[in-house]
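Input: a single structure, listed below in structure tokens.
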Amino acid sequence: MKQAVKKSFSRKKAAVVSLMLMIALVVLVNMLGSFRFFRLDLTTEKRYSLNRETIKLLTNLKDVVYVKVYLEGELPAGYKKLRNATQEMLDEFRAFTPNVEYEFINPSASEDERERKAIYRQLMQDGLVYTTPVEEKGAGVSQTLLWPGALVSFRGQTLPIQLLKSSTYANEELMLTRAVNDLEYELTNTIRKLNSVVKPRVAFIEGHGELDSLETKDLNLALKEYYTVARVRLDSSLSSLIYRTKKDDSLIFVPRYSAIIIAKPDSVFSEKDKFLIDQYVMRGGKVLWLIDRVAASMDSLSASNATMVYPLDLNLDDMLFRYGARINSDLVMDLNSSVIPVIVGMVGNQPRFAPKRWPYFPLCMPASNHPTVNNLNATRFEFANSIDTVGSSDIRKSVLLRSSGRSTRINTPARISLNILREKPDPKIYAEQGIPLAVLLEGKFQSVYQNRLITTLMNNPEIGYKPASDKPGKMIVIADGDVARNTVIKNGQIAPLGYDRYSGELFGNKDFLLNCVNYLCDDAGLISVRSRTAKLRLLDETKIKAERTSIQLKNVVLPIVLLLLAGLLLVNLRKRKYARSTKRHA
């Protein structure tokens with residue numbers, strides 16, 4: 001008996017010691033945690049881990065950012081997820097800085113209709129857009145007016161965020177999924193714009209038949225959110241791209257712009273203008289080339305079913321070759337392409353149209369996980385050319401966009417015809433895979449005018465010729481100028497960049513070009529936030545309806561049954577254990 005009491009006392013003592021050690025360990029961990037801040041994210045896609053650039057931006061905030069989110073009240077399930085995800089993201093921001101404050105507001109809370117309408121008008125003036133989702137309730141449906149957006153204020157400035165962005169090519173569930181995925185980027189981007197003091201400068205080059213201001217209006221507006229955007233004519237002026245200033249009796253050469261965009265020129269570049277661009281690159285300037293090597297357009301096919309297409313001489317081949325790329329004078333054909341309307345018959349005296357995939361308009365998915373294209377929607381090309389990477393191995397060449405695995409190319413001059421749409425495509429012809437259409441070049445570039453200039457020009461201090469760049473530079477070559485062109489409707493109105501008027505779909509052209517300019521201007525952190533993806537494990541509505549009873553039994557009844565069985569088994573084991581112990585001591 002005494003031995004049993006002694007053993008019981010020892011067990012109690014060991015339990016008390018274990019408890020005290022556990023408490024001491026928890027206290028010690030908390031004490032250590034108070035000296036060093038860290039968080040653990042166990043999700044596969046690191047949904048609750050902020051990007052480094054986001055953390056850097058938040059920790060450097062010098063004043064309070066106040067966010068008013070207009071998603072509150074009785075919300076449909078998808079919008080409630082968006083509301084909760086927004087709060088979680090803002091709480092994550094607050095974990096790194098006390099300078100983020102927020103509140104959730106229900107704009108429809110007032111019972112006074114006049115007051116509600118006044119609030120709605122104010123939100124529209126502030127730049128927010130409402131939506132009216134339809135929700136099934138019992139036998140009927142209900143429609144609610146919601147404002148899935150927020151207003152962000154910082155130092156007297158306020159900018160709107162449209163959390164849910166409508167899309168002609170996505171259903172409501174997909175749009176909500178994308179809204180949740182883009183939360184960090186939308187919030188970070190807005191705070192960044194409010195916090196920016198000086199914007200980098202970007203310029204569109206003019207004077208060689210490039211896309212005009214109306215044709216690049218949508219891209220221009222998108223770029224203005226991050227940069228000061230200008231349009232520049234070179235006109236053989238030494239000061240057009242390079243700023244020259246004197247310091248200690250010597251000239252200093254500084255690029256005027258962080259990046260320049262050459263968008264679909266159609267006429268020859270003079271050697272003087274090429275020299276200006278070349279020296280701009282040697283001084284650290286970045287270039288986004290959007291070049292057509294073949295003159296082809298749909299306007300030629302509007303009058304007849306066929307047209308001739310010819311190579312376009314821009315006098316840029318030697319320049320691009322020197323930098324590491326060659327745009328070929330061919331046309332890429334791809335079975336993975338966008339559609340155009342084609343006459344397939346007559347109804348009375350009226351033609352009947354049907355959409356047909358036009359192989360000269362490739363749809364290109366990202367060719368790599370590079371930040372400029374990661375998680376990007378398909379980019380739409382029109383009469384694209386192929387690109388070869390050439391030249392020195394010192395230049396790193398990364399293919400950003402390729403055609404699909406069902407592609408081919410035709411050399412020009414050539415005759416193209418709408419009649420190919422009446423025939424079934426031959427897979428044997430479309431057998432080429434992954435033709436490069438967009439290439440990133442990085443490294444120390446060599447001047448195209450090395451050993452070509454006379455000594456007088458090379459030694460002229462006003463010109464300041466550089467035969468090679470001192471620091472690694474960047475440029476992106478895209479073999480189609482139409483990637484940057486938005487459709488002009490009438491009276492100065494435009495369609496969004498990437499919008500296909502034939503199919504009604506919106507492609508990723510604008511995001512791709514924004515990523516390109518961000519990358520060239522060293523805003524890699526911004527595009528790394530934009531290109532993140534948080535996978536949402538959405539329920540399959542069709543499966544839920546078909547297997548409702550089975551799912552309820554598995555998720556509600558089965559766990560309870562298993563718990564009861566485990567409890568009975570545990571009680572039975574304890575009874576048997578103590579029954580044997582009692583017999584031994586007896």
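The values are calculated or read from the model by the stated rules, or taken from the named source; none is laboratory data. Given the structure is predicted, the values throughout are model-derived calculations rather than measurements. Ideal geometry is used to build each Cβ from the backbone, glycine not excepted, and the neighbour counts take in all protein chains shown.
The rows are residues; the columns are (1) within 30 Å of Ala295 (Cβ to Cβ); (2) in contact with a strand residue (DSSP E or B) (Cβ under 6 Å, 6 or more places away or on another chain).
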position: Leu146; (1), (2): no, yes
position: Ile161; (1), (2): no, yes
position: Glu172; (1), (2): no, no
position: Thr177; (1), (2): no, no
position: Asn181; (1), (2): no, no
position: Lys199; (1), (2): no, yes
position: Ala203; (1), (2): yes, yes
position: His208; (1), (2): yes, no
position: Leu219; (1), (2): yes, no
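The criterion of being more than 13 Å from the chain's Cα centre (by Cα), under 20 Å from Thr372 (Cβ atoms), modelled with pLDDT of 80 or more and surrounded by 11 or more Cβ atoms within 10 Å (Cβ to Cβ) holds for Cys521.
Can you find a residue that is surrounded by 10 or more Cβ atoms within 10 Å (Cβ to Cβ) and at pLDDT below 70 anywhere in region 50-65? Before you say what the answer is, go through the steps one by one.
Going through region 50-65, the residues surrounded by 10 or more Cβ atoms within 10 Å (Cβ to Cβ) turn out to be 50-61, 63-65.
Next cut, at pLDDT below 70 only: none.
Scanning region 50-65, I find no residue that is surrounded by 10 or more Cβ atoms within 10 Å (Cβ to Cβ) and at pLDDT below 70, so the answer is no.
In region 410-424, of all residues being part of a loop (DSSP other than H, G, I, E, B) and in contact (Cβ under 8 Å) with a residue 12 or more places away in the chain, the one that is surrounded by the fewest Cβ atoms within 10 Å (Cβ to Cβ) corresponds to Pro413. Candidates Ala484, Ala479: the one that is of a type outside the set (Lys, Arg), closer than 30 Å to Lys356 by Cα and out of contact with any helix residue (DSSP H, G or I) (no Cβ under 9 Å at 6 or more places or on another chain) is Ala479. Collect the residues in region 359-386 that are in a strand (DSSP E or B) and either at pLDDT below 80 or touching a helix residue (DSSP H, G or I) at 6+ places or on another chain (Cβ under 7 Å) (or both), keeping them in residue-number order. Listed by number, the residues that qualify are Thr379, Arg380. Number of residues in region 279-327 that are closer than 28 Å to Pro467 by Cβ and in a loop (DSSP other than H, G, I, E, B) equals 10.
Report the residue count in region 53-111 for those that are in a loop (DSSP other than H, G, I, E, B) and at negative phi. Step through it out loud before you land on a result.
Keep residues of region 53-111 that are in a loop (DSSP other than H, G, I, E, B), which gives 60-64, 70-76, 95-99, 105-111.
Narrowing further to those that are at negative phi: 60-64, 70-72, 74-76, 95-99, 105-111.
Matching residues across region 53-111 total 23.
Tell me yes or no: at least one residue of region 486-498 is in contact (Cβ under 8 Å) with a residue 60 or more places away in the chain, of a type outside the set (Phe, Trp, Tyr) and assigned to a helix (DSSP H, G or I). There is no residue in region 486-498 that is in contact (Cβ under 8 Å) with a residue 60 or more places away in the chain, of a type outside the set (Phe, Trp, Tyr) and assigned to a helix (DSSP H, G or I).
Can you tell which of Pro472, Pro436, Pro427 is more than 19 Å from Cys521 (Cα to Cα) and surrounded by fewer than 18 Cβ atoms within 10 Å (Cβ to Cβ)?
On the way: Pro472 fails: more than 19 Å from Cys521 (Cα to Cα); Pro436 fails: surrounded by fewer than 18 Cβ atoms within 10 Å (Cβ to Cβ).
None of the other options fit; the residue is Pro427.
Of the candidates Lys356, Lys272, the single residue that is touching a helix residue (DSSP H, G or I) at 6+ places or on another chain (Cβ under 7 Å) and basic (Lys, Arg) is Lys356.
Tell me, please, whether a residue that is outside any loop (DSSP other than H, G, I, E, B) and in contact with an Asp or Glu (Cβ under 6 Å, 6 or more places away or on another chain) can be found in region 397-408.
Filtering region 397-408 down to residues outside any loop (DSSP other than H, G, I, E, B) leaves 397-402, 407-408.
Going one step further and asking which of them are in contact with an Asp or Glu (Cβ under 6 Å, 6 or more places away or on another chain), we end up with 407-408.
Within region 397-408, one or more residues are outside any loop (DSSP other than H, G, I, E, B) and in contact with an Asp or Glu (Cβ under 6 Å, 6 or more places away or on another chain).
For region 439-452, the set of residues classified as in a loop (DSSP other than H, G, I, E, B) and crowded, with 16+ Cβ neighbours inside 10 Å consists of Phe445, Ser447, Val448, Tyr449, listed by residue number.
Looking only at residues in region 112-134 that are assigned to a loop (DSSP other than H, G, I, E, B) and not polar (S, T, N, Q), which one is surrounded by the fewest Cβ atoms within 10 Å (Cβ to Cβ)? Break it down stepwise before answering.
Of all residues in region 112-134, those assigned to a loop (DSSP other than H, G, I, E, B) come to 112, 126-130, 132-133.
Now narrow it down to the ones that are not polar (S, T, N, Q): 112, 126-130, 133.
Details: Asp112: 8, Asp126: 14, Gly127: 13, Leu128: 20, Val129: 14, Tyr130: 15, Pro133: 17.
So, considering only residues that are assigned to a loop (DSSP other than H, G, I, E, B) and not polar (S, T, N, Q), the one surrounded by the fewest Cβ atoms within 10 Å (Cβ to Cβ) is Asp112.
Within region 491-505, the set of residues being surrounded by fewer than 22 Cβ atoms within 10 Å (Cβ to Cβ) and either on the phi < 0 side of the Ramachandran plot or modelled with pLDDT of 90 or more (or both) comprises Gln493, Ile494, Ala495, Pro496, Tyr499, Asp500, Arg501, Tyr502, Ser503, Glu505. Considering the conditions (1) in contact (Cβ under 8 Å) with a residue 60 or more places away in the chain; (2) within 18 Å of Leu58 (Cβ to Cβ), Thr177 is excluded by exactly one of them, (2). Contact map, region 547-573: first residue among the aliphatic types (A, V, I, L, M), second residue in a helix (DSSP H, G or I), Cβ cut-off under 7 Å, separation 6 or more or different chains; pairs are Ile551/Ile544.
Scanning region 444-469 for residues that are over 28 Å from Asp266 (Cα atoms) and without any contact (Cβ under 8 Å) to a residue 60 or more places away in the chain returns Lys444, Asn451, Ile454, Thr455, Thr456, Leu457, Met458, Asn459, Asn460. Output yes when any residue across region 312-324 is touching a Ser or Thr at 6+ places or on another chain (Cβ under 9 Å) and under 18 Å from Ala484 (Cα atoms), and no when none is. Looking for residues that are touching a Ser or Thr at 6+ places or on another chain (Cβ under 9 Å) and under 18 Å from Ala484 (Cα atoms), one finds none in region 312-324, hence no.
Conditions (1) surrounded by 14 or more Cβ atoms within 10 Å (Cβ to Cβ); (2) farther than 20 Å from Asn486 by Cα; (3) over 22 Å from the mean Cα position of the chain (by Cα), marked per residue:
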{"site": "Leu187", "(1), (2), (3)": "yes, yes, no"}
{"site": "Ser196", "(1), (2), (3)": "no, yes, no"}
{"site": "Pro200", "(1), (2), (3)": "yes, yes, no"}
{"site": "Asp212", "(1), (2), (3)": "yes, no, yes"}
